[in-house]
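Written below as structure tokens is the structure these notes are about.
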Amino acid sequence: MSTIAFIGLGNMGGPMAANLVKAGHAVRGADLSAASREAAAAQGVSVAENAADIVAEADVIITMLPNGKLVLGVWEQILPLAKPGALFIDSSTIDVASARKAHDMAAAAGMTALDAPVSGGVGGAAAGTLTFMVGGAKDAFDAGRPVLDIMGGKIVHCGDAGAGQAAKICNNMILGVSMIGVCEAFAMGEKLGLSHQALFDVASTSSGQCWSITSYCPVPGPVPTSPANNDYKPGFAVDLMLKDLKLSQEAASASGAATPLGAAAAALYERFAAAGFGGADFSGIINFLRDGKH
Ligand code: NAD
């Protein structure tokens, strides 16, 4: 049993911390929001408002925060307070440059570190089936793996510092682009008199096959569990997709990668969010495309 400090007990961090408690670890959690602290306390997390109050005894320190600036601010505050050699794991989705800076800060303070963003959403966090994409040294990965195994179903070591964040934004750029492509095809199929089911039956088993069709079909009917069957309630909200697409575009311009479709997807989701749909599921962009408001 380890002592684990968990900072950021929101929609994702709350259930992730709860799974660590269920596995028998002593978990101390911090969050600025009283509501998040109360929900985590009800799951057996011993809570505090400030991260600085929970890290001194911790073997592993996990952050699950909204952005890179917050992660760097919190790490700067707590690195001097942690036990020498403690393992810092950031599971937030943040920019690659900040992730690499966090690794450097940890190394300078005598700590080990991993960037370990996730996919799988709130459902995966609650079920302990998240996919972790991990960047950092092999020995840090081996040390962190038993803890990640509790919260995740699949743990992939992607490479050195920042490689986890790089994998996350590359994957989500594929998702944003592929969802728009699938939506365009279903909307055009409607104009051509093609039924949703016929297009699904062909495309889900042909060369157009992808997750956006087979698991998350953006029209009601063919995949009963997809948000299209539930009035496009998330699921995976447009604001989160837009965040990830913007991170992908920052990384593209910093690295000189050509991502014209990633840029187009970011621009479309930006317009969809600005039209008031930031809280809707990202597959709802089919309605925006169909209405010709893009
Ligand atoms: P959230 O807003 O629900 O939770 C973030 C929590 O951090 C909040 O409770 C907030 O009060 C707390 N916080 C902010 N600053 C703090 C500080 N200085 N000290 C302590 N607590 C602080 O967000 P979330 O949905 O849990 O997402 C967390 C991260 O996971 C984000 O980076 C997001 O992109 C990523 N992510 C989210 C999902 C999803 O489906 N929600 C999926 C994959 C990845």
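Which one of these does residue 66 not meet: (1) near the ligand (Cβ under 9 Å from one of its atoms); (2) open to solvent by less than 40 Å² (accessible area, probe 1.4 Å)?
Looking at each condition in turn, residue 66 falls short on (2).
Restricting attention to the stretch 219-272, which residues are hydroxyl-bearing (Ser, Thr, Tyr) and open to solvent by 80 Å² or more (accessible area, probe 1.4 Å)?
If the condition is that a residue be hydroxyl-bearing (Ser, Thr, Tyr) and open to solvent by 80 Å² or more (accessible area, probe 1.4 Å), then 225, 253, 255 are the ones that fit.
Somewhere in the stretch 152-169, is a residue away from the ligand (no atom under 11 Å from the Cβ), in contact (Cβ under 8 Å) with a residue 40 or more places away in the chain, touching a Ser or Thr at 6+ places or on another chain (Cβ under 8 Å) and not polar (S, T, N, Q)?
No, there is no match, as no residue in the stretch 152-169 is away from the ligand (no atom under 11 Å from the Cβ), in contact (Cβ under 8 Å) with a residue 40 or more places away in the chain, touching a Ser or Thr at 6+ places or on another chain (Cβ under 8 Å) and not polar (S, T, N, Q).
Among the residues of the stretch 93-106, is there at least one that is basic (Lys, Arg) and closer than 16 Å to residue 140 by Cβ?
Looking through the stretch 93-106, at least one residue is basic (Lys, Arg) and closer than 16 Å to residue 140 by Cβ.
Any idea how many residues of the stretch 27-49 are in a loop (DSSP other than H, G, I, E, B), within 13 Å of the ligand (Cβ to nearest atom) and out of contact with any Asp or Glu (no Cβ under 8 Å at 6 or more places or on another chain)?
Final tally of qualifying residues: 2.
Out of 106, 56, 102, 52, which single residue is away from the ligand (no atom under 12 Å from the Cβ), modelled with pLDDT of 95 or more and open to solvent by 30 Å² or more (accessible area, probe 1.4 Å)?
The conditions single out 56.
The values are calculated or read from the model by the stated rules, or taken from the named source; none is laboratory data. Computed from a predicted structure; not experimentally measured. No Cβ is skipped: glycine too gets one built from the backbone with ideal geometry, and neighbour counts run over all protein chains shown. Just so you know, the surface numbers come from the protein's heavy atoms only, side chains and all, with ligands and any DNA or RNA stripped out. Shrake-Rupley method; radii C 1.70, N 1.55, O 1.52, S 1.80 Å.
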